[in-house]
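The values are calculated or read from the model by the stated rules, or taken from the named source; none is laboratory data. Owing to the predicted nature of the structure, the values given are computational and were not obtained by experimental measurement. Here the Cβ is made from the backbone with ideal geometry for all residues, glycine too, and neighbour counts use every protein chain on show. Calculation scope for accessible area: heavy atoms of the full protein, side chains included, ligands and nucleic acids excluded. Shrake-Rupley method; radii C 1.70, N 1.55, O 1.52, S 1.80 Å.
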Amino acid sequence: MSVRSRLRATVPAPLPSSQAGPPEITGPPGRRLLVQRSDDEILARPLDDAFAARAGATARFPAPWPRRRGTWEVAPDATLAVFAGVHAVRAVDPSGAALWEVRHGCWSGGCEEIHESYESYADRRDHRYPESGSVGFSADGRLVWAHVRGPLSEGELSPDTADEWLVIDAEDGRVLARADAEAVAAGSAHLPHPTDPAQMGLSIGEGQDGAPLRWGRWDGKELTVDCLDDDLCLLSLSPSGDRLMTVSHDQDALAVRDSRGAVVEALDWDAGAAIPRHPEAPADEDELPVCWDWAGGFLDETTLIASTTESDEDCGQYRHWLVDTTTAHGFVPVDYPSPVSCEPTALGGGFWSTLSPSRDVVHVWSADGPQG
């Protein structure tokens, strides 16, 4: 049994692939954006319910540093872009004006400098391959949550703090709260609660050392951080925000959890037991390593999309999976009209996306019924 996929939209990249990173669709239903980053700018194009670009609504945000020097996020209403760089978090409007900046410790190796500007280290060989933090907007766009390397320019939380988690006023850049992230990151990603602006998930990667998962709550005065686990990657939140989709750091376990990190009863799948043998696997290979990708998410409150492309690569066609969490046997492969070449991205509302092989077109899919 498999599930047929139906192509719902084909969204071309606004910038050529030779000059920019791959395009991506962000935001929940009703507030979707097509976003693409080049070295010089971020382009954000609002999309309608059919994933078509809205006429005259494209916003461009000049970039303060090249894209390999950090991460970025665009506000839900596409009026502001925030860049998480090597030395600072900076908010930029479409004119390129820096609205505010929060400087912090350097993400490059053992550098202990508090840099005044990007230009002060732009040409330094020891700053070519920095680690990075990330930023995320709250559901209402009023807060920016930032994972940074400490200390801030005004001082550190404690001598033992490496990474800090900040809550920042998106309008004026005031740091409203800060807490020890209890991590030493190589990279991270924010996942906002879809309905509650006061809650945010933070998935941190420490390379081979682990994958700390943090959950933040801001009550207007204090930031409370729950350390849910030190070996989990947070991939997605359900539309209600009550459920989390996670994959273990070693990629052997996919699970649905509650907001405190506990596995929802029976909603965890071991890769070796759950994933069938690849149909193109060599007959003389009795045991092939199999693993979940760090990709996928909730299509609706009870349905997930997941993938196993990393372990499928040596066998042939990549495989994606739909998981119905309301049934005991809701785990089925997705049947595409032609082979896919990447992991899926959950868009909510029953949709997910993939990139074309040339990574210059986004394909939007939905399930179109079972197939025997």
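Of note:
- Fraction of accessible area attributable to carbon and sulfur, segment 251-368 (%, probe 1.4 Å): 49 percent
- Potential lengthening between Ser366 and Arg260 on full extension [0.36 nm per residue; Cα-Cα distance subtracted]: 35.1 nm
- Between Arg142 and Thr195, the C-beta separation translates, for a Förster distance of 22 Å, into a calculated FRET efficiency of about 0.95.
- Electrostatic bookkeeping for Leu213 treats Lys and Arg as +1 and Asp and Glu as -1; over the other residues with beta carbon under 12 Å from its beta carbon, the sum is -3.
- Label positions at Glu113 and Ala50, each projected 7 Å from the Cα along the C-beta direction, are separated by 5.4 nm.
- For segment 80-165, the Kirkwood hydrodynamic radius from C-alpha pairs, put into Stokes-Einstein at 10 °C and a viscosity of 1.306 mPa s, yields a diffusion coefficient of 117 µm² per second.
- Segment 62-105, Cα convex hull volume normalised per residue, Å³: 62 Å³
- The chain, helix-only ellipticity at 222 nm - DSSP H runs n ≥ 4, -39,500 (n - 2.57), divided by all residues, nearest 500: -500 deg cm²/dmol
- Above 27 Å, the calculated P(r) of segment 1-146 contains 28 percent of its Cα-Cα pairs.
- Using the Cβ-Cβ distance between Asp270 and Thr79 with R0 set to 35 Å, the FRET efficiency works out to roughly 0.20.
- Percent RCO, i.e. relative contact order, over the chain, from Cα pairs under 8 Å lying at least 6 residues apart: 14 percent
- Stokes-Einstein diffusion for segment 117-236 at 10 °C, viscosity 1.306 mPa s, with a Kirkwood radius from C-alpha pairs, works out to 107 µm²/s.
- Where the chain is the region considered: accessible area per residue in Å², 1.4 Å probe: 45 Å²
- Taking Lys and Arg as +1 and Asp and Glu as -1, the other residues whose beta-carbon sits under 12 Å from that of Val332 total 0.
- Highest-first arrangement of 156-163, 183-190, where packing means the average Cβ count within 10 Å: 183-190, 156-163
- All distinct Cα pairs of the chain go into the 1/r average, and the inverse of that average, the Kirkwood radius, is 21.4 Å.
- The residue list Val225, Ala53, Gly348 was ranked by how far each Cα lies along the charge dipole of the chain toward its positive end, using unit charges on Cβ atoms, and Ala53 comes out on top.
- Residue (of Leu34, Leu176, Ala295) at the positive-pole extreme of the chain, dipole from beta-carbon charges: Leu34
- Extension gain, Ser158-Leu288: 0.36 nm per intervening residue step, less the Cα-Cα distance, totals 42.1 nm.
- Taking Cβ separations below 4.7 Å as the criterion for a possible disulfide partner, the isolated cysteines in the chain are Cys227, Cys233, Cys291, Cys315, Cys342.
- Highest average packing first - 195-206, 78-89, 355-366, Cβ atoms within 10 Å: 78-89, 195-206, 355-366
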